[in-house]
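Could you have a look at this structure, given as structure tokens, before my questions?
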Amino acid sequence: MATVSAPKQVSVKEDAEALRKACQGWGTDEKAIIAVLGRRNAAQRRQIRHVYEEIYQEDLIKRLESELSGHFEKAVYRWILDPPDRDALLANVELKKSGNKHHVIVEISCTKNPEELLAIRRAYHARYKRSLEEEVAYHTKGYTRRLLVALVSAFRYYGEEINTTLAKSEAKKLHEAIKDKKFGNEDVIRILSTRSIAQLQATFNCYREQEGTSITKNLPKDSSDEYIAVLRMAVRCLKDPKKYFEKVLRRSIEGIGTDEDALTRVIVTRAERDLKEIKELYHKRNNVPLDKAVDKETSGDYKDMLLTLLGNEV
């Protein structure tokens, strides 16, 4: 369930006026910006942008970019974009980074339904005049390229029907590939990139029944091999996305320094989907509420924005 609870009826004209007022004068009223945008859903935010531009003849996103800064600006910018456009942006930013871990490509490929992934690919094409597939292929190599291009190009069946015989057969194929350390096996990439989520869940369950342990436990941990790290990430995302995102949040907060990019990415991209369940899982696994952890590790308007998206009154 979502953590953002948007009112069913809003006056987008009043919201646009409030945002205009927040950006005028000597200082920016960040709290007013959070109060409006942090409590509106994607459709309402889109309407606000359109009405704002109609009334004031300027792009709201560009205006906010010029008024805000730092991690707060990044969080607001990512939040106000349409979800497919946001994911396209996140993918492009990641692909341009040297030594990137491919988190965004795996997340959008393995946690979106087929229509959502197609919308992201279209948004990327419109925004950057290149296809997401060719960009992924250009910035990767070897087995990593083969897996990521296959994942991002997928259009999976999204129903609940499963083939138990197929699940047993493909669980065995996955086990044999892992046992023989043939992680780049053609069957491994084909199964992970073409089967429906329901079919993959059945296959992973069969794997556990056949081998007495989960597939993630049998994949090498802390590998310096880029492909194995990406493969493990993809399996975790496909197997249990909520557990995957809880771990991303935990790692972004624990230790010395906060990984604001990862923290912002998960909260912004999951706030309208399943962040409530991710919060509950975080609390259960870490014995501290996610809200409290975010409050401790962040500050200022950035903190208030994240806490608002987490469902808090600030």
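Can you say whether Arg195 is without any contact (Cβ under 8 Å) to a residue 24 or more places away in the chain, under 26 Å from Lys101 (Cβ atoms) and crowded, with 16+ Cβ neighbours inside 10 Å, as far as the supplied structure shows?
Here the answer is no, as Arg195 does not meet what is asked.
So in region 296-309, with the set limited to residues that are in contact (Cβ under 8 Å) with a residue 12 or more places away in the chain and under 18 Å from Ile80 (Cα atoms), which one is most open to solvent (accessible area, probe 1.4 Å)?
Residue satisfying both the conditions and the ranking: Asp301.
Also, quick follow-up: Being within 23 Å of Lys303 (Cβ to Cβ), hydrophobic (A, V, I, L, M, F, W, C), without any contact (Cβ under 8 Å) to a residue 40 or more places away in the chain and in a loop (DSSP other than H, G, I, E, B) is the filter here; which residues of region 1-36 pass it?
Ala6, the sole residue that qualifies.
Confirm whether Gly99 is open to solvent by 20 Å² or more (accessible area, probe 1.4 Å) and free of Cβ contacts under 8 Å to residues at least 24 places away in the same chain.
The answer is yes for Gly99.
Considering only region 1-11, how many residues are buried (at least 19 other Cβ atoms within 10 Å of the Cβ) and either closer than 17 Å to Phe72 by Cα or among the aliphatic types (A, V, I, L, M) (or both)?
Within region 1-11, residues that are buried (at least 19 other Cβ atoms within 10 Å of the Cβ) and either closer than 17 Å to Phe72 by Cα or among the aliphatic types (A, V, I, L, M) (or both) number 1.
Same structure again: What residue, of Arg156, Arg208, is free of Cβ contacts under 8 Å to residues at least 24 places away in the same chain and either under 23 Å from Phe245 (Cβ atoms) or of a type in the set (A, V, I, L, M, F, W, C) (or both)?
Arg208
Residues being open to solvent by 50 Å² or more (accessible area, probe 1.4 Å) and assigned to a loop (DSSP other than H, G, I, E, B): count how many of those fall in region 258-295.
4
For region 37-87, which residues satisfy the criterion of being among the aliphatic types (A, V, I, L, M) and either modelled with pLDDT under 95 or in a loop (DSSP other than H, G, I, E, B) (or both)?
Leu68, Leu81
Another question about this same structure. Under the condition of being hydrophobic (A, V, I, L, M, F, W, C) and surrounded by fewer than 17 Cβ atoms within 10 Å (Cβ to Cβ), which residue from region 52-78 is farthest from Val268 (Cα to Cα)?
By that ranking, first place goes to Ile55.
Whether any residue in region 40-58 is touching an Asp or Glu at 6+ places or on another chain (Cβ under 7 Å) and touching a residue at least 40 places away in the same chain (Cβ under 8 Å) is what I want to check.
Yes, that holds for at least one residue.
Just give me the residues in region 1-18 being under 18 Å from Lys62 (Cα atoms) and in contact with a helix residue (DSSP H, G or I) (Cβ under 6 Å, 6 or more places away or on another chain), in sequence order.
Asp15, Ala16, Ala18
Separate question: Scan region 134-187 residue by residue and report those that are acidic (Asp, Glu), surrounded by fewer than 17 Cβ atoms within 10 Å (Cβ to Cβ) and either on the phi > 0 side of the Ramachandran plot or under 25 Å from the mean Cα position of the chain (by Cα) (or both).
Answer for region 134-187, where residues must be acidic (Asp, Glu), surrounded by fewer than 17 Cβ atoms within 10 Å (Cβ to Cβ) and either on the phi > 0 side of the Ramachandran plot or under 25 Å from the mean Cα position of the chain (by Cα) (or both): Glu134, Glu160.
Looking at Ala42, Ala22, Ala75, which is the one that is touching a Leu at 6+ places or on another chain (Cβ under 8 Å), at negative phi and among the small types (Gly, Ala, Ser)? If you could, list the steps in order and put the result at the bottom.
Numbers: Ala42 fails: touching a Leu at 6+ places or on another chain (Cβ under 8 Å); Ala22 fails: touching a Leu at 6+ places or on another chain (Cβ under 8 Å).
Every option except Ala75 fails the conditions.
Of all residues in region 112-122, which are open to solvent by 20 Å² or more (accessible area, probe 1.4 Å) and part of a helix (DSSP H, G or I)?
Glu115, Glu116, Leu118, Ala119, Arg121, Arg122
The values are calculated or read from the model by the stated rules, or taken from the named source; none is laboratory data. Predicted model only: the values in this text are computed from it and were never measured. Glycine also receives a Cβ, built like all others from the backbone with ideal geometry; neighbour counts cover every protein chain displayed. The accessibility values were calculated without ligands, DNA or RNA, using every heavy atom of the protein model including side chains. Shrake-Rupley method; radii C 1.70, N 1.55, O 1.52, S 1.80 Å.
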